[in-house]
Amino acid sequence: MEGDSLSAASITDNLETHFIGRRVICYPRLTSTMEVAKREAARRRAAEGTVIVADEQTAGKGRLKRIWLSPKGNIALSVILYPDVAYLPSLIMIASLAVVHCIEAVTGLKSQIKWPNDVLINGRKVCGILIESDVKGNMVDYAIIGIGINVNLRLSDFPDILSTATSLSHELGREVSRLDVIRQLLVEIERLYLTLQTGGSIYEEWRDSLVMLGRRVGVKSGRTIYEGVAESVTTDGSLLLRHSDGSLTKIVGGDVTLRE
Ligand code: BTN
């Protein structure tokens, strides 16, 4: 099913959403869905919920300027949103929770979120999320949610990530329909985005889906490495780290490693 074909029509037909994924642009191959989404959002002012999907990315972007491996058989997509500035910190929560819900609905597999926005199955990364936005003053020009899911990735072909990554097919021992995953994902994103916009909260569920809370961790943030216990997260998505001297550090972004 590595070659299961994705088309805009197969994604949008009878999709149970109001605006997320009503317009889908599919590419067999491109550099990065983030780049195309940004162009669509900035210059053409694409409708909110427009989705860019690629079968393969040649320059997939990860967090912290890393490269994201995006071979055929995986999912690489970006969703264009125009949220109120107050909702920007919640996009991380929406995206990661949507992936967790979607994976469970389509495959029955349980996954967890590693702060800030990796999705893990059995301790290995199955999905990476990148949020990019353009904000002028208090106005959000656009926000793009980029989601990469290892769906039918054969890990034996990628020895460098064998010990840290997994894929849905690897966990299940069979291939998974990317179409089913994408369609469910779009439904979940819209549901959570609307929950937020109608005054609901998704923070508690996000916090409770995080691995590592209450555990000793190291956090690399910029050039600093912090050590402590991951105590909690704030409603703006920051991590609260308790140090051995009792002090608390609020960390906005970084990479967490389990210390025990
Ligand atoms: C990370 O874990 O570092 C984030 C990875 C995000 C990858 C996705 S794939 C779809 C979208 N397009 C990109 O170039 N990156 C994101």
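The values are calculated or read from the model by the stated rules, or taken from the named source; none is laboratory data. This structure is a prediction, so every number in the text was calculated from the model and none was measured. Virtual Cβ from ideal backbone geometry, glycine too; neighbours counted across all protein chains shown. Note: accessible area is taken over every heavy atom of the protein model, side chains too, but ligands, DNA and RNA are not part of it. Shrake-Rupley method; radii C 1.70, N 1.55, O 1.52, S 1.80 Å.
List of remarks:
- Only one of the numbered conditions (1) of a type in the set (Ser, Thr, Tyr); (2) under 30 Å from GLU35 (Cβ atoms); (3) in contact (Cβ under 8 Å) with a residue 24 or more places away in the chain is violated by THR195, and that is (3).
- The listed residue being open to solvent by 50 Å² or more (accessible area, probe 1.4 Å), touching a residue at least 40 places away in the same chain (Cβ under 8 Å) and of a type in the set (Lys, Arg), out of ARG223, ARG242, ARG207, ARG215: ARG215
- Filter pass, SER167 being open to solvent by less than 10 Å² (accessible area, probe 1.4 Å) and touching a strand residue (DSSP E or B) at 6+ places or on another chain (Cβ under 8 Å): yes
- With respect to the conditions (1) closer than 22 Å to SER167 by Cα; (2) under 17 Å from the mean Cα position of the chain (by Cα), ALA37 falls short on a single one, namely (1).
- Screening the range 105-123 for residues that are of a type in the set (S, T, N, Q) and part of a loop (DSSP other than H, G, I, E, B) and picking the one that is farthest from the ligand (Cβ to nearest atom) gives ASN122.
- Among (1) in a loop (DSSP other than H, G, I, E, B); (2) of a type outside the set (Gly, Ala, Ser); (3) within 17 Å of the chain's Cα centre (by Cα) - the single one ILE80 does not satisfy: (1)
- In the range 245-260, the residue that is modelled with the highest pLDDT out of those that are open to solvent by 30 Å² or more (accessible area, probe 1.4 Å) and aliphatic (A, V, I, L, M) is LEU248.
- For the range 170-180, a residue qualifies if it is surrounded by 20 or more Cβ atoms within 10 Å (Cβ to Cβ) and among the aliphatic types (A, V, I, L, M), and exactly one does: VAL176.
- Note on the range 136-149: residues that are in contact with a strand residue (DSSP E or B) (Cβ under 9 Å, 6 or more places away or on another chain) and open to solvent by 10 Å² or more (accessible area, probe 1.4 Å) total 3.
- Test: ILE161 is open to solvent by less than 20 Å² (accessible area, probe 1.4 Å) and in contact (Cβ under 8 Å) with a residue 60 or more places away in the chain: no
- The residue that is nearest to the chain's Cα centre (by Cα), counting only those in the range 124-143 that are aliphatic (A, V, I, L, M) and more than 8 Å from the ligand (Cβ to nearest atom), is ILE131.
- Some residue of the range 61-69 being outside any loop (DSSP other than H, G, I, E, B) and either open to solvent by less than 20 Å² (accessible area, probe 1.4 Å) or acidic (Asp, Glu) (or both): no
- Exclusive hit being away from the ligand (no atom under 16 Å from the Cβ), of a type in the set (Ser, Thr, Tyr) and surrounded by 14 or more Cβ atoms within 10 Å (Cβ to Cβ), set TYR27, TYR82: TYR82
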